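Nothing in this text is a laboratory measurement; each read-out follows from the coordinates by a stated rule. Just so we're clear, the structure is a prediction, and the values are computed from it rather than from any experiment. So basically every Cβ, Gly included, is an ideal-geometry build from the backbone, and we count neighbours across all protein chains shown.
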Protein chains: 2
Amino acid sequence: MSLKNSKIQLQCIACQSRGDSHFSSLKDEDLEILSEHKSCVTYKKNQTLFYEGTRPMGIFCINSGKVKVFKMGSNGKEQILFIAQKGDFLGYRSLLSEELYGSSATVLEPAAICFIPKSDFLKVLHSNPEFFGKLMKAVCHELGVMETKLAQLSQKSVRERLAATILMLKETYGMEGEGSEVIDIVLSREDLANIVGTATETVIRLLSEFKSDKMIALEGKKIKVLDADKLLHEADFYG
Amino acid sequence: MSLKNSKIQLQCIACQSRGDSHFSSLKDEDLEILSEHKSCVTYKKNQTLFYEGTRPMGIFCINSGKVKVFKMGSNGKEQILFIAQKGDFLGYRSLLSEELYGSSATVLEPAAICFIPKSDFLKVLHSNPEFFGKLMKAVCHELGVMETKLAQLSQKSVRERLAATILMLKETYGMEGEGSEVIDIVLSREDLANIVGTATETVIRLLSEFKSDKMIALEGKKIKVLDADKLLHEADFYG
DNA sequence: CGAAAACCATGACAAATGTCATGTTTTCTA
DNA sequence: TAGAAAACATGACATTTGTCATGGTTTTCG
């Protein structure tokens with residue numbers, strides 16, 4: 001089950017901006033408005049940006065680091081919806097639907113994150129139809145991605161979903177490592193289980209199996225993909 | 001797991017319009033543009049409006065009847081994403097993200113449905129910022145709804161999800177019937193299973209149990225809710 | 001550093017759910 | 001309206017997955 005989504009990215013004066021951003025249509029004057037009242041903060045691991053059920057006051061723009069966005073279930077178990085990273089921004093969706101946050105966001109690894117107040121963001125948004133249009137397009141795309149995740153959660157086995165998740169992580173965070181791919185993100189087994197939508201022990205067991213079958217190697221928390229084709233087969237992408 | 005979503009509704013000249021539509025901001029001239037090239041067709045049960053993987057050419061506006069929107073899994077099993085009814089419109093999301101349809105739509109009961117070509121819809125949309133804004137708000141809301149469904153699919157048991165689904169259906173399609181609520185939608189057990197995300201037999205068994213426990217009554221395909229509180233408890237809404 | 005906490009791993013078992021088989025009932029349609 | 005097809009229902013059983021228990025390992029932090 002793929003967590004890869006078309007990340008919404010925002011160029012931000014003084015932040016390291018990415019040239020491939022979907023939001024390159026922003027003019028300098030708009031960027032200046034966004035920068036005017038923004039605050040940039042460094043977060044440590046496990047700090048929380050916002051909590052489900054609270055009122056959004058602005059948007060968060062991730063300059064570096066990784067953030068998990070999740071919903072808490074009544075059993076105390078998290079369901080991770082996606083992992084945001086450099087260039088993504090968070091919290092604009094609840095802002096636009098004028099609702100309380102529907103999910104929480106917690107830092108996975110040390111992060112530098114800007115906060116832009118609601119009013120500045122909305123001002124730019126409404127004065128810039130092209131920007132608005134691109135944002136609309138991105139939200140529509142994300143809705144499609146979320147529907148795909150829902151269907152795969154319902155239709156694929158845990159084993160298939162874990163294989164698919166490992167492949168997705170490789171796509172998103174893969175680094176070359178002596179002929180194979182090392183996944184460059186520190187995820188606890190519990191977090192991985194909360195992405196896949198299963199119990200921690202089940203993930204641990206399946207990882208052991210994948211390792212026995214030479215599909216992956218485990219070096220501490222790091223996962224190394226040894227045989228992507230075999231994983232692809234496990235993920236049932238051939239039907 | 002609630003399927004209730006903030007339905008996006010559109011007033012349509014010559015169609016029976018609903019006063020409570022979110023899109024009452026449309027002026028007559030806009031409605032005229034929308035009506036100009038629209039075609040209204042009557043569909044029978046099991047006819048399909050559009051197929052996953054095909055290119056959207058416009059939007060569908062449901063005047064009467066009910067339509068299931070679903071994704072097909074590699075095992076041939078459908079996952080129903082939501083059920084659209086009178087006043088809803090379909091297909092605008094893929095249009096806006098400029099992607100192929102990510103799901104299919106099939107008529108559940110005889111329906112009258114208008115089709116408005118892409119160009120007319122986009123013309124109105126782009127000439128009417130208020131309308132655009134409302135649509136954006138609705139899409140953002142739907143994304144939140146979809147995330148909630150995803151989390152509940154992952155975190156709740158089949159039993160809990162079925163109870164929640166019955167309550168949702170009662171909310172959406174409930175009719176007064178001799179002191180209790182008859183759900184006015186004809187869903188096969190298979191469709192119900194594909195909403196809940198489980199096997200048909202499991203749904204049948206659980207319905208029998210709910211019936212034994214006096215929570216529901218079954219009259220052919222119709223489901224009657226006898227004890228909503230008890231169902232609510234089954235759905236674990238008390239945590 | 002060193003103790004405490006968190007995390008990882010594995011076994012044993014229970015529970016939930018899916019699958020297959022079979023028979024009945026309802027619905028469709030020629 | 002009769003026969004066929006689809007849908008419903010239920011039993012038996014297999015499989016998957018979750019839960020609990022236990023012990024080893026790593027990480028954290030005073």
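Structure data summary
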read-out	value
Exam field: B:E98 pseudo-label spacings to other copies (7 Å along Cα-Cβ), nanometres	3.0
Hull-based mean projected area of the stretch A:137-181, where the convex hull spans the alpha carbons, in square nanometres	4.1 nm²
Which of B:L100, B:L34 has the fewest Cβ neighbours within 10 Å, and the rest in rising order	B:L100, B:L34
Listed residue (A:Q79, B:L100, B:H141) projecting farthest to the positive dipole end of the protein assembly as shown, Cβ model	A:Q79
Label 7 Å beyond Cα on the Cβ vector: B:S212 copy-to-copy distances, nm	3.8
Crossing angle, helix B:129-155 versus chain B [Cα axis fit, 0-90 degrees, rounded to tens]	20 degrees
Residue-averaged 222 nm ellipticity for the protein assembly as shown, from DSSP H runs of 4+ at -39500 (n - 2.57), nearest 500	-12500 deg cm²/dmol
For the stretch A:52-86 and the stretch B:46-78, distance of Cα centres in Å	32 Å
Residue pairs, from the table A:K68/A:K156; B:K45/B:K77; B:K77/B:K214; B:K68/B:K156; A:K149/B:K137; A:K27/A:K137, whose Cα atoms sit over 27 Å apart	B:K77/B:K214
Within the stretch B:187-239, chymotrypsin sites (Phe, Trp or Tyr not before Pro) in DSSP loop having at most 16 other beta-carbon neighbours inside 10 Å	B:F237, B:Y238
Anisotropy class of the stretch B:81-239 from Cα gyration tensor, a/c 1.5 cut	prolate
Prolate/oblate/rounded call for the protein assembly as shown, Cα gyration tensor, a/c under 1.5 rounded	oblate
Within a Gaussian network of chain B (alpha carbon springs, distance under 10 Å), most fluctuating of B:E130, B:E219, B:E99	B:E219
Computed log₁₀ I(q)/I(0) - Debye formula, equal Cα scatterers, no solvent, the stretch B:72-132, q 0.15, 0.18, 0.20, 0.23 Å⁻¹	-0.62, -0.84, -0.98, -1.16
Between the stretch A:117-194 and the stretch A:195-239, the alpha-carbon center distance in angstrom	19 Å
When the convex hull of its Cα atoms is projected in every direction, mean area for the stretch A:165-228 (nm²)	3.9 nm²
Distances in nm from B:E190 to the matching label points in the other copies, shortest first (labels 7 Å along Cα to Cβ)	4.3
Unit Cα scatterers, Debye sum, the stretch B:6-153: log10 I(q)/I(0) for q = 0.09, 0.11, 0.13 Å⁻¹	-0.27, -0.40, -0.57
